[in-house]
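Colleague: Let me give you the structure first, and then I'll get to my questions.
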């Protein structure tokens, strides 16, 4: 003889079924909800601090691949993409004195903080740096070149001397406005050095 429709066993079966269905819906909401929240954050432009550039990402990049910078000793400075060298570039005006000495000191400190990766970074000065400016093994002095300076975005900033980052191929990818925090430059370049 079958149990009546409203028996305790039937009620328990219906209760479990409803609970399993609710649990399945809750799992689906959690799973799909996390994708929805991630999508909304991405569309809003939010990025974690570790992934955010501190310098200004240039768009479009300035292309220096066909430029042939000349070193102070007359040799051509080649981009050589296979060497995977990153460049920090300064193109000061001819009358830059104390500000450039301070900037050279800051860049020297940034370069030293790269530690074992320091040999993958060159510091390029377009035009002679001030005599009192610090130099290290990575400093390469390029001959003053109005044509090369003209290819750097907003190089003649009335507020001071900007700094640029050039990738191994010869593209100017980042610009740091005058008065930038050297820790920001170090953070960005350190992240770039990890790219292979």
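Colleague: Can you put 139, 80 in order of Cβ neighbours within 10 angstrom, beginning with the fewest?
Modeller: Details: 139 19, 80 11.
Least to most surrounded, the residues fall as 80, 139.
Colleague: Can you pull the one-decimal nm distance between simple spin-label points at residue 27 and residue 7, each 7 Å off the Cα toward Cβ?
Modeller: According to this spin-label approximation, the distance is 3.0 nm.
Colleague: Sticking with this structure for a sec: Tell me, in nm to one decimal, what length is gained between residue 145 and residue 56 on full extension, where the rule is 0.36 nm per residue of separation less the Cα-Cα distance?
Modeller: On the way: separation 89, 0.36 × 89 = 32.04 nm, distance 2.37 nm.
Contour length minus Cα-Cα distance gives 29.7 nm.
Colleague: With labels modelled as points extended 7 Å from the Cα through the Cβ direction, what inter-label distance (nm, one decimal) is found for residue 95 paired with residue 171?
Modeller: Those two pseudo-labels are separated by 3.7 nm.
Colleague: For residue 43 and residue 195, FRET efficiency with R0 = 30 Å and r from the beta-carbon atoms, rounded to 0.05? Present the calculation step by step, with values, prior to reporting the outcome.
Modeller: Details: r = 25 Å, r/R0 = 0.85.
Here the calculated transfer efficiency is 0.75.
Colleague: Hey, how many Å between the Cα centroid of segment 57-90 and the Cα centroid of segment 132-196?
Modeller: Centre-to-centre distance over Cα atoms comes out at 11 Å.
Colleague: So what is the 222 nm mean residue ellipticity for the chain from helices alone, if each DSSP H run of at least 4 adds -39500 (n - 2.57) and you divide by all residues, rounding to the nearest 500 deg cm²/dmol?
Modeller: Result for the chain, helices only: -12000 deg cm²/dmol.
Colleague: Okay, next question. State log₁₀ I(q)/I(0) for the chain at q = 0.09, 0.12, 0.14 Å⁻¹ as given by the Debye formula over alpha-carbon point scatterers of equal weight, solvent excluded.
Modeller: Results for the chain at q = 0.09, 0.12, 0.14 Å⁻¹ read -0.45, -0.66, -0.82.
Colleague: Take peptides 27-34, 124-131 and line them up by average Cβ neighbours within 10 Å, highest first, as a rough protection proxy. Could the numbers behind the result be given before it?
Modeller: Working: 27-34: 10.0, 124-131: 18.1.
Averaged packing, sorted descending, gives the order 124-131, 27-34.
Colleague: Next up: Evaluate the distance, in nm, between pseudo-label points positioned 7 Å from the Cα of residue 134 and of residue 67 along their respective Cα→Cβ axes.
Modeller: Roughly 2.5 nm, to one decimal.
Colleague: Follow-up question, since we're still on this one. Taking the Cβ-Cβ separation of residue 76 and residue 184 as r and a Förster radius of 35 Å, what is the calculated FRET efficiency to the nearest 0.05?
Modeller: Calculated value: 0.65.
Coordinate-derived values only; no laboratory data. Since this is a predicted model, take the numbers as computed values, not measurements. Note that we place each Cβ from the backbone using ideal geometry, even for glycine, and neighbour counts take in every protein chain shown.
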